[in-house]
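Undergrad: Mind looking over this structure? Questions follow.
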Amino acid sequence: MTTSGLSFPDGFVWGTATASYQIEGAHDEDGRSPSIWDTFSRTPGKVLGGDTGDVACDHYHRYPEDVALMRELGLDAYRFSVAWPRIVPGGTGAVNAKGVDFYSRLVDTLLENGIRPVVTLYHWDLPEVLDQRGGWLNRDSAQWYAEYAAATVAALGDRVTNWTTFNEPWCSSILSYAIGAHAPGHRDGAESLVAAHHLMLAHGTAVPVIREHAPDAEVSITLNPTQVWGPDDGDEADADAVRRADNALNGIFFGPVFHGAYPAGFLDDTAYLTDHSFIHDGDLETISAPLDNLGVNNYFPTRVRAARDGEEGNTPIPGGQRVVEVAPRPPLTGIGWEQSPESHRLIIERSARESGLPLYITENGSAWPDTVDADGQVHDADRVAYLQGHLGAVSDAIKNGVDVRGYFAWSLLDNFEWAYGYSQRFGIVHVDYDTQVRTIKDSGREYARIIAEHRG
Ligand code: IFM
């Protein structure tokens, strides 16, 4: 596919993204305390192959080499997350100077290389000590988080101008507390609603705190909305299944964060789980604090239908009792996710309508079973095609009037893919986990070519 017909506005930001636990390693160095992912990955049966983030890509020690790779690729920006257990190892209280120093050096190195740091404050690595105090089920988590955010922004806010409160709170709540696939691995629908609410409360509580410490910065949240498709057969039950799935996947965050209310029907649909007494007066005003932009992470659409006579639903999403999630349609990526540039465009357009804000595509990418060939190169033609197709969708959304200001490929490096361990490679740079040798894949070179072709 040629990408010359794609169009991106002047100043469009080209970047890549990573997350602390997925790449840093150095799990017990310089005062870092364990996170819920250290505990979860050490729990037998939770992560494929028993893999952990103990070493990961050793980015903690190799960040200068990784920044040099970014420069070679011609990136404008690098989106990374800060590990709360490095900054405040006790969860609350004392700030760890060595942890701060690591991110300070990383930020300086990026800036010296002309790369803008785009920082996420929470990408799933809650300090384990806080989980022992109830984690996101404890309403105090909003204050714990705001304190941690204040310490981090106070330390880096003189140089970092783009702050994101949370990455994909859907994963830290529904996937982690209802489905149980992510840390802390609970399977309780009611808990997942409490966690989602407290994550949003933490977000809304921290927004003014971030602004206080970095008055000129842009503040955002990154959500992972997904286009929900039903059979489109005019069947009322199927339409209701789509509505319920859409509320539990998208509306649960779009509603409170951008409209100051949970989506229509959601509280009734989930009343079998809880009386919602965790929602206090004033919470929704706090949660809907004005933002400067919205980060959108999107990889695939979701397909559902209604359960038929006597059939059970097959998904534990809250309010989804009669929802059946159906198989993705080919073509699939290596991890088994449906490839659909059309759904990518649709969800970008929806995100713009819901938020009324400029957007950044803060993650998009695909996993494939890459190998280094005899020529020393990684010929990942499937990832190249996915990248071109999805950038085409971004360009189409822009042509349709959406204010998309940047795209961050997931991911800079192959890394620890959560419950899949190291079995899934998302990087545009290959990592040999035995030697830590990095090899730019064909997709990385194609991304660099597209960047050069379209740079304002
Ligand atoms: O690896 C993850 C990332 O941490 C969050 N978004 C989705 C990616 C691929 O699963």
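The values are calculated or read from the model by the stated rules, or taken from the named source; none is laboratory data. Values in this document were obtained by computation on a predicted structure and should not be read as measured data. Glycine gets a Cβ as well: all are built from the backbone with ideal geometry, and neighbour counts include every protein chain shown. Accessible surface areas use protein heavy atoms only, side chains included; no ligands, DNA or RNA. Shrake-Rupley method; radii C 1.70, N 1.55, O 1.52, S 1.80 Å.
Undergrad: Taking only the alpha-carbon atoms of region 83-225, what semi-axes of the equivalent ellipsoid follow from 5 times the gyration tensor eigenvalues under a square root, in whole Å, largest first? Provide the component values of the computation, followed by the final result.
TA: Details: eigenvalues 139, 48, 38 Å².
Values for region 83-225, descending: 26, 16, 14 Å.
Undergrad: Among the trypsin sites (Lys or Arg not before Pro) within region 350-456, which fall in a DSSP loop and have no more than 15 other Cβ atoms within 10 Å of their own Cβ? Walk me through the intermediate numbers first.
TA: Details: sites: ARG350, ARG353, ARG383, LYS399, ARG405, ARG425, ARG438, LYS441, ARG445, ARG449, ARG455; in loops: ARG425, LYS441, ARG455.
Taking region 350-456 and a limit of 15 other Cβ atoms within 10 Å, the loop trypsin sites (Lys or Arg not before Pro) found are ARG455.
Undergrad: Then there is this: State the volume of the convex hull built on the alpha-carbon positions of region 218-289, expressed per residue in Å³ and rounded to an integer. Let's see the in-between values first.
TA: Numbers: hull volume 7.6 nm³, N = 72.
Per residue, the Cα convex hull of region 218-289 comes to 105 Å³.
Undergrad: Still on this structure, I have one more. How would you rank 211-218, 157-164, 240-247, highest first, on the average number of other Cβ atoms within 10 Å across their residues? All intermediate terms of the calculation are to be shown ahead of the outcome.
TA: Details: 211-218: 14.9, 157-164: 19.9, 240-247: 23.0.
Final packing ranking: 240-247, 157-164, 211-218.
Undergrad: Peptides 313-320, 38-45: what's the order by average Cβ count within 10 Å, highest mean first? Don't skip to the end; give the middle numbers.
TA: Values: 313-320: 21.0, 38-45: 14.9.
Output ranking for 313-320, 38-45: 313-320, 38-45.
Undergrad: Pop out the ³J(HN,Hα) list for region 389-406 in order, Karplus 6.51 cos²θ - 1.76 cosθ + 1.60 with θ = phi - 60°, rounded to Hz; leave Gly and Pro as x.
TA: Along region 389-406, the couplings run x, 6, 5, x, 5, 5, 4, 5, 4, 5, 4, 7, x, 7, 8, 9, 9, x Hz.
Undergrad: Can you tell me how region 241-358 classifies by the Cα gyration tensor, rounded, prolate or oblate, using a/c under 1.5 as the rounded cut?
TA: Oblate.
Undergrad: If you take the square roots of the eigenvalues of the alpha-carbon gyration tensor of region 157-197 and sort them as a ≥ b ≥ c, do you get rounded (a/c under 1.5), prolate (a/b over b/c) or oblate? If you can, show how the numbers build up before the last one.
TA: Details: a/c = 4.37, a/b = 2.86, b/c = 1.53.
Prolate, since a/c reaches 1.5 and a/b exceeds b/c.
Undergrad: Here is a further query. List the residues, sorted by chain then number, that are 5 or more residues from VAL326 or on another chain and whose placed amide H is less than 5 Å from its amide H.
TA: Distant-sequence amide H within range of VAL326: ARG303, VAL304, ARG305.
Undergrad: Post the alpha-carbon centroid distance, region 368-427 to region 114-175, in whole angstrom.
TA: 25 Å
Undergrad: Per residue, how large is the accessible surface of region 354-432? Use a 1.4 angstrom probe and give square angstrom.
TA: Values: 2330 Å² over 79 residues.
I get 29 Å² per residue for region 354-432.
Undergrad: Moving on to the next point. Once the other residues with Cβ under 11 Å from the Cβ of ILE317 are scored (Lys, Arg +1; Asp, Glu -1), what is the net sum? Walk me through the intermediate numbers first.
TA: Details: positive: ARG244; negative: ASP246, ASP269, GLU325.
Every neighbour counted, the sum reads -2.
Undergrad: Considering the convex hull of the alpha carbon atoms of region 169-249, report its projected area averaged over all viewing directions, in nm², one decimal.
TA: Values: hull surface 28.1 nm².
Approximately 7.0 nm², given one-decimal rounding.
Undergrad: Something else now. Quick one: if you take sqrt(5λ) for each eigenvalue of the C-alpha gyration tensor of the chain, what semi-axes come out, biggest first, whole angstrom?
TA: Working: eigenvalues 186, 149, 98 Å².
Three semi-axes, in Å: 31, 27, 22.
Undergrad: Sort 19-26, 192-199 by packing, meaning the average of other beta carbons within 10 Å per residue, with the highest value first. The partial results should precede the final answer.
TA: Working: 19-26: 24.6, 192-199: 26.4.
Answer by packing, highest mean first, reads 192-199, 19-26.
Undergrad: Two decimals is fine: what's Rg over Rh for region 95-141, C-alpha atoms, Kirkwood radius as Rh? Working shown, then result.
TA: Numbers: Rg = 14.8 Å, Rh = 13.0 Å.
With Rh from the inverse mean 1/r over Cα pairs, Rg/Rh is 1.14.
Undergrad: Here's another thing I want to ask about it. Report in % the part of the accessible area of region 1-95 that belongs to carbon and sulfur, leaving out ligands and nucleic acids; probe 1.4 Å.
TA: Numbers: 1780 of 3320 Å².
Of the solvent-accessible surface of region 1-95, carbon and sulfur hold 54 percent.
Undergrad: Moving to a separate point now. Please work out the C-alpha center-to-center distance from region 206-260 to region 21-54 and express it in whole Å.
TA: 29 Å
Undergrad: Based on a Kirkwood Rh over C-alpha pairs, give the Stokes-Einstein translational diffusion coefficient of region 14-138 at 4 °C and viscosity 1.567 mPa s in µm²/s. Mind showing how you got there, number by number?
TA: Working: Rh = 15.1 Å.
Reported coefficient: 86 µm²/s.
Undergrad: Please state the Cα pair-distance histogram of region 396-456 with 5 angstrom bins from zero: what percent is in each bin?
TA: For region 396-456, the pair-distance distribution reads 4, 15, 20, 19, 15, 11, 10, 5, 1, 0.
Undergrad: Please work out whether region 3-86 counts as rounded, prolate or oblate from its C-alpha gyration tensor, where a ≥ b ≥ c are the square roots of the eigenvalues and a/c under 1.5 means rounded, while otherwise a/b larger than b/c means prolate and anything else oblate?
TA: Values: a/c = 2.74, a/b = 2.02, b/c = 1.36.
Note, shape of region 3-86 comes out prolate.
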